[in-house]
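Participant: Please read through the structure below; I'll follow up with questions.
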Amino acid sequence: GVDVFFVVSGYLITRSIIFDLKHGQFSILDFYNRRARRILPSLLVVVFFSIISGYFFMPPTSYKDLAESSVAALFFVSNFHFQAEVDYFDTIAELKPLLHTWSLAIEEQFYLVIPILVLLSKRIRTFTIFIGFVFVAALVLFLVSSEEQSKLFFFPQYRVWELAVGSLCSLIEYRHSNILGRFKSPKIAYLGMLGVSSSLLLFNSVDWPSSLAVIPVFGTFLILFNTDKIIFLRNGLLTFFGKRSYSFYLVHFPIISFSYYIIGTSLNVFQTLL
């Protein structure tokens, strides 16, 4: 899911940047202002209620950890914080309500670099070259790295290629829409969906992330490039959840985590959905 999220995030943000560049209104201050208005209000609410809930339901040691992770989350460095102390797939990880903010941290770290590349580029063509270089370099680093699994999972240099894939999708779509439009097809979109769904069905036993991450990542690329060919993606129910996906993402892990402290066990699927 996170691999898909990074690609979609890179796509949407780059599309926004292209719009601003096209209309000559790109500004670093405006870029960060919009990011802050988009990200911070909901994040602050979740952190606040996690701290309040933790006061009543968490033992002192765990509450201290929550306070530290809250600061890390608000400064978008929680990926480094959690890498230093926990295995994401260890059962104890579910006792850390803000663990999921690591992916938000990586996203924002990537967006610290993007405006600088835009200013250095001055033109969309040069910006595309820069992003292409970031993609190739980061993907090679990810594939050849011998780092421990937790660093591959949490560190931005091993994840940025996924965000760059989304960025490239948006840039290619803008610069070569007439040429690539000939290759758009529902079949290609469904091939992408197969790539994403296969990761859910086949790769659960694999230490993640692995080189197999390229399958859901490029599957997402194919879907994004062909969204206008997939009618059911415009379904009202899907768009309802899509528009609120950030909020759902922020609250899901604290709910799962505090259930352990309150009832002493994990929630089943039905309870989690409620």
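Participant: How far is helix 101-121 tilted off the main Cα axis of the chain, in degrees rounded to 10, range 0 to 90?
Facilitator: Compared with the principal axis, the helix lies near 30 degrees.
Participant: Given labels modelled 7 Å from the Cα in the Cβ direction, how far is it in nm from Lys184 to Ile263?
Facilitator: Between Lys184 and Ile263, the label points sit 4.5 nm apart.
Participant: Calculate the spin-label point distance for Phe240 paired with Ser27, positioning each point 7 Å from the Cα along the beta-carbon direction, and give it in nanometres.
Facilitator: It is 3.8 nm.
Participant: Which whole-Hz couplings ³J(HN,Hα) result when phi for each residue of segment 51-64 is put into the Karplus expression 6.51 cos²θ - 1.76 cosθ + 1.60, θ = phi - 60°, listed in order with x for Gly and Pro?
Facilitator: Coupling constants for segment 51-64: 5, 5, 5, x, 4, 8, 10, 9, x, x, 5, 5, 5, 5 Hz.
Participant: Counting other Cβ atoms within 10 Å of each Cβ, which trypsin sites (Lys or Arg not before Pro) in segment 89-168 have at most 10 and sit in a DSSP loop?
Facilitator: Hits after loop and neighbour filter: Lys122, Arg123.
Participant: Given the DSSP H assignment, sum -39500 (n - 2.57) over each helix run of at least 4 residues in the chain and divide by its residue total; what's the result at 222 nm in deg cm²/dmol, nearest 500?
Facilitator: -24000 deg cm²/dmol
Participant: Still on this structure, I have one more. What's the carbon and sulfur percent of the chain's accessible surface, probe 1.4 angstrom, rounded to a whole number?
Facilitator: Within the chain, the accessible surface is 68 percent carbon and sulfur.
Participant: Now, a different point. Rank Thr61, Pro254, Leu200 by how far each Cα sits towards the positive end of the charge dipole of the chain (+1 on Lys, Arg Cβ; -1 on Asp, Glu Cβ) and give me just the farthest.
Facilitator: The residue sitting farthest along the positive end of the dipole is Leu200.
Participant: Then there is this: Roughly speaking, what is the stretch gain from Phe133 to Phe49, that is 0.36 nm per residue apart minus the C-alpha to C-alpha distance, in nm to one decimal?
Facilitator: 26.1 nm
Participant: Note down the net charge around Gly195, summing +1 for each Lys or Arg and -1 for each Asp or Glu among other residues with Cβ under 14 Å from its Cβ.
Facilitator: Taking every other residue near Gly195 into account, the sum is -1.
Participant: Sort out the exposed loop GluC sites (Glu not before Pro) in the chain (DSSP loop, at most 16 other Cβ within 10 Å) and tell me the longest stretch that has none.
Facilitator: By the stated rule (loop sites, at most 16 other Cβ atoms within 10 Å), 149-274.
Participant: With a ≥ b ≥ c the root eigenvalues of the C-alpha gyration tensor of segment 57-157, is it rounded (a/c under 1.5), prolate (a/b larger than b/c) or oblate?
Facilitator: Oblate, since a/c reaches 1.5 and b/c is not below a/b.
Participant: If you don't mind, another one. Note the angle between two axes, namely the Cα long axis of helix 186-202 and the longest principal axis of the Cα atoms of the chain, as a number of degrees from 0 to 90, rounded to the nearest 10.
Facilitator: 30 degrees
Participant: Once both axes come from the Cα atoms, what is the angle between helix 124-144 and the longest principal axis of the chain, in degrees from 0 to 90, rounded to 10?
Facilitator: Orientation of helix 124-144: about 50 degrees from the principal axis.
The values are calculated or read from the model by the stated rules, or taken from the named source; none is laboratory data. Worth saying up front: this structure is predicted, and the values here are computed from it rather than measured. Note: ideal-geometry Cβ built from the backbone for every residue, glycine included; neighbour counts use all protein chains shown. For accessibility, only protein heavy atoms count, side chains too; no ligands or nucleic acids. Shrake-Rupley method; radii C 1.70, N 1.55, O 1.52, S 1.80 Å.
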